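Quick note: the coordinates plus some simple rules give every number you see, no bench work behind them. Predicted model only: the values in this text are computed from it and were never measured. Here the Cβ is made from the backbone with ideal geometry for all residues, glycine too, and neighbour counts use every protein chain on show.
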Amino acid sequence: MFEEIAAKYQKSLLPYTPCANLSDRAAWEGLDEEWRKASVALGERYLGFEWPYLSASDFLEFSKTGNRVHFENKMFSKRHALDALVLAECVENKGRFLEDIINGIFSICDESAWNLPPHNSYERDKPQLPLPDLTAPVLDLFCCEAGAVLATASYLLAPALDRFSPFITKRIRYELERRIFTPYLTCHFWWMGDGVSPMNNWTIWCTQNVLLSAFLTDTDSALRRQVFEKACKSADYFLAEYGEDGCCDEGAQYYRHAGLCLYLVLELCNRVTGGAFSSLAHTEKIKNIASYIYKVHVEDKYYVNFADCSPVAGRCSAREYLFGKLTGQPDMMRFAAADFLAGGTDSLLLPSENNLFYRLQNGFAVSEIRRLDLSAPLSQPDVYYPSVGLFAVRDSHLFLAVKAGDNADSHNHNDTGSFTVYRDGRPLFIDVGVESYTKKTFSPQRYEIWTMQSAWHNLPTFGDVQQHDGEAFCATGVECSLADASISMELSHAYPEESGLASYRRSARLIRGEKIVIRDSFSFLPGKERPVRLSLMTYDHPDTLKDIVRLTGARIVSVEEVPITDARLSTAWDHSLYRTLAEPLEGCHEIELEIR
């Protein structure tokens, strides 16, 4: 797709001018007034900002303790500050923020490395080196993103920075050359793709930011061409991982780092070739990738979640709206616009976003978004994504999602066959999500973490045997009907042989306007019977659900409160969660859960 078009395009690549720079005062003064005022106010919070120093000890902490959050907080705070200061100066144009901006640029340029400690290795899934090698930069997600931040700042402020000193933009170009362009064009990092190794969000996220670094700065045309051609190859490797249905196997939260980064790669390639890539935006696959986020939205802040994805995946920004516009999908545009406007100042400014370019897109799109007619009601379709096994159906009262597929998703949890239920837009039966990332999260010990285990999803355990990770541990015999709002599957293959299962079949159905029925039927091989314990994860204490939930064929044996103390989980859950364990009645091999 991308590479084929790139190979045919033999003309000189055009300049990439996504918006006006600081010098075009009419453009900046014509932007949305609320966004302008809020941007200046946010920038004022960072006047005199003390740019933190990232020491060797900060970098070493991950290898010593496994904690990555402390380093991330210090590093990311600098990006947040610089982004806010740059946009405030662009709006105001008085030089009031300029010296703080220069301090921020030099502070980021002075960092020993732009990659995170947990990514400090040169081969995929290899142990991380305790300290960075300045002579061989690691192109990880945040190295590439740092390049894009500095390139965007240079694009916007070059006239003002050069009046102050020509050595500022010269320093930026020097750092981009040694940290981004040289390793990108001379080394192979796994995420670039080779047609064999599996890709994930890294591929398109890194590719997007390398493209921004090259096309937003004054690099030579030969370098731009090389970056462009290599980026197009990586975009194709990324797309090859997707099914035609467009489902993101990393969930709604990671769509922002996957599908939306694909949008910007496509938009940039299209701009610099004078529209050569426009046909790609209307292919069924890319339209499906774009609309995924709209189709898995539950209500308000909640999304269908599985794997490492949180149910609170974040409000839409201008990017979702622009992807819907590029792919010609009015429903997607209206959904994104409504969600964006519902998010208030945080959606408007993205104050916790590292990427300056995303914030810039908001500023230049918000006036158009406000003008969109949102009066017509949205009609979100029921969906089944066979590439991942994700099923979601709704009526005006209840929402049911079921995850079939297998246990080899990117950011996988052992959750094949698990379900989530929302009632009147409120979470009822839930998928917990994942705690703050540590060294253990992406290690051979990953499935020692409780949130990754099937016993902490809405699934049974047989004796002490839970589901196993890997592609072989999957749902089979899946039967799905969107017309009947039902799905059923055989889940015995999601468990290892030690489970003793002959069969374990789960069915789930939304009877519209009435109830949801989940039914589990199981049998064991001769002499292999084991105790069965069904875990049910709920947002509210089960005692409060007695009038709307009925469990038959089983008895409740325990209710466990799960306090939420982790910072990442607390962004989704504002109080304790609950795990109910139920076991079948004597001689019973079928359990039914009914939710009204």
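Do me a favour and compute the ellipsoid semi-axes for segment 307-347 from its Cα gyration tensor, root of five times each eigenvalue, largest one first, whole Å.
19, 14, 8
How large is Rg over Rh for segment 377-424, taking Rg from the Cα atoms and Rh as the Kirkwood inverse mean of 1/r across Cα pairs?
1.04
Mind scanning LYS403/LYS546; LYS403/LYS515; LYS11/LYS325 and naming the pairs with a C-alpha gap bigger than 23 Å?
Exceeds cut-off: LYS403/LYS546; LYS11/LYS325.
Would you please classify the overall shape of segment 497-589 from the alpha carbon gyration tensor, given that a ≥ b ≥ c denote the square roots of the eigenvalues, rounded means a/c under 1.5, and beyond that prolate means a/b larger than b/c while oblate covers the rest?
In terms of gyration-tensor shape, prolate.
Given the -39500 (n - 2.57) contribution per DSSP H run of 4+ residues, what per-residue ellipticity at 222 nm results for the chain, rounded to the nearest 500 deg cm²/dmol?
Here the helix-only value at 222 nm equals -11500 deg cm²/dmol.
Can you tell me which of 270-282, 14-26 comes out highest on packing, and rank the rest after it, using the mean Cβ neighbours within 10 Å?
270-282, 14-26
Against the longest alpha carbon principal axis of the chain, how many degrees, from 0 to 90 and to the nearest 10, is the axis of helix 141-164 turned?
Result, in degrees: 30.
State the extension gain, in nm to one decimal, for the chain segment bounded by LEU525 and SER55, taking 0.36 nm per residue of separation less the distance between their alpha-carbons.
Extra length available between LEU525 and SER55 comes to 163.3 nm.
Can you give the alpha-carbon Rg of the chain over 2.2 N^0.38 Å, where N counts its residues?
1.01
List residues of segment 482-499, by number, whose backbone nitrogen lies under 17 Å from a label position 7 Å along Cα→C-beta of GLU590.
Under cut-off, by backbone N: 487-491.
Using Cα positions and a limit of under 18 Å, work out the aspartates and glutamates in reach of LYS528, with same-chain residues fewer than 8 apart set aside.
ASP464, GLU497, GLU498, GLU583, GLU586, GLU590
By a straight-distance test (C-alpha under 16 Å), which aspartates and glutamates pair with LYS126 as possible cross-link partners, with residues fewer than eight away in the same chain excluded?
Leaving aside aspartates and glutamates fewer than 8 places away in the same chain, those within reach of LYS126 are ASP140.
Sorted by average packing, counted as other Cβ atoms within 10 angstrom per residue and highest first, what order do 304-314, 204-214 take?
Per-residue mean Cβ counts within 10 Å order the peptides as 204-214, 304-314.
With only alpha-carbon atoms in the gyration tensor, what are the semi-axes of the equivalent ellipsoid for segment 83-170, in Å, largest first?
31, 12, 10
Under a cut-off of 14 Å between alpha-carbon atoms, report the aspartates and glutamates in cross-link reach of LYS8, not counting same-chain residues fewer than 8 places apart.
GLU229
Can you tally the net charge around ARG530? Count Lys and Arg as +1, Asp and Glu as -1, for every other residue whose Cβ sits under 10 Å from the Cβ of ARG530.
-1
May I ask you to derive the FRET efficiency for ASP566 and ARG163 from their Cβ-Cβ distance with R0 = 45 Å, giving the value to the nearest 0.05?
0.40
With N set to the number of residues, divide the alpha-carbon radius of gyration of segment 212-346 by 2.2 N^0.38 Å and report two decimals.
Relative to the rule-of-thumb radius for its length, segment 212-346 sits at 1.10.
What net charge do the residues around ALA38 carry, taking every other residue with its C-beta under 13 Å from that of ALA38, with Lys and Arg at +1 and Asp and Glu at -1?
-2
Ranked highest first by average number of other Cβ atoms within 10 Å, how do 90-102, 555-567 line up?
90-102, 555-567
Subtract the Cα-Cα distance of SER121 and HIS282 from 0.36 nm times their separation in residues, and report this length gain in nm to one decimal.
Full-extension gain reported as 54.2 nm.
How long are the semi-axes of the equivalent ellipsoid of segment 31-75, defined as square roots of 5 times the Cα gyration tensor eigenvalues? Whole Å, largest first.
Equivalent-ellipsoid dimensions as semi-axes: 34, 12, 6 Å.
Once phi is turned into ³J(HN,Hα) by the Karplus curve 6.51 cos²θ - 1.76 cosθ + 1.60 with θ = phi - 60°, what whole-Hz value does each residue of segment 118-135 show in order, with x for glycine and proline?
3J(HN,Hα) across segment 118-135, in whole Hz: x, 10, 8, 8, 9, 10, 4, 6, 9, x, 6, 6, x, 9, x, 9, 5, 7.
Once Lys and Arg get +1 and Asp and Glu get -1 on their Cβ, which of VAL227, ASN201, GLY251 lies farthest toward the positive end of the dipole of segment 164-262?
The Cα lying farthest towards the positive end belongs to VAL227.
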